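What follows is one structure encoded as structure tokens, with my remarks underneath.
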Amino acid sequence: QVQLVESGGGLVQAGGSLRLSCAASGTIFSINAMGWYRQAPGKQRELVATITSGDSTNYLDSVKGRFTISRDNAKNTAYLQMNSLKPEDTASYYCNARARTKPWDSAEFSYWGQGTQVTVSS
């Protein structure tokens, strides 16, 4: 079993920055990919950014050039640096990880954090 804990959310003015962290713990054999999702009130959850174990990244078009995802494999932690924040970035941000928990079982499972709130005022 894998547990994910997000932190770093808060309230900032438009144009400001925040850095989100996602720490994974538990019975982890390997984490093959991590990502950040967000969900605003009345909207569906959307993928913001992903990063693989080989540091390949992918971003939602609207955040390209403003957000940067990274990871520290030694700490089992992913980060989302959010710059030039806009009011439309306001949402609950959720960390996701695809991980193996057993060295003898190649099955991968998806795990979710509890979410952290990001609010951007205009």
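Below is a table of values for the structure above.
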{"read-out": "Expected-Rg normalisation [2.2 N^0.38 Å, Cα atoms] applied to region 1-51", "value": "1.38"}
{"read-out": "Convex hull volume per residue for the chain, taking Cα atoms only, in Å³", "value": "96 Å³"}
{"read-out": "Share of carbon and sulfur in the accessible heavy-atom surface of the chain [1.4 Å probe, %]", "value": "47 percent"}
{"read-out": "P(r) tail fraction, region 45-111 - alpha-carbon pairs more than 14 Å apart, %", "value": "65 percent"}
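The values are calculated or read from the model by the stated rules, or taken from the named source; none is laboratory data. All values reported here derive from a predicted model rather than from experimental measurement. For accessibility, only protein heavy atoms count, side chains too; no ligands or nucleic acids. Shrake-Rupley method; radii C 1.70, N 1.55, O 1.52, S 1.80 Å.
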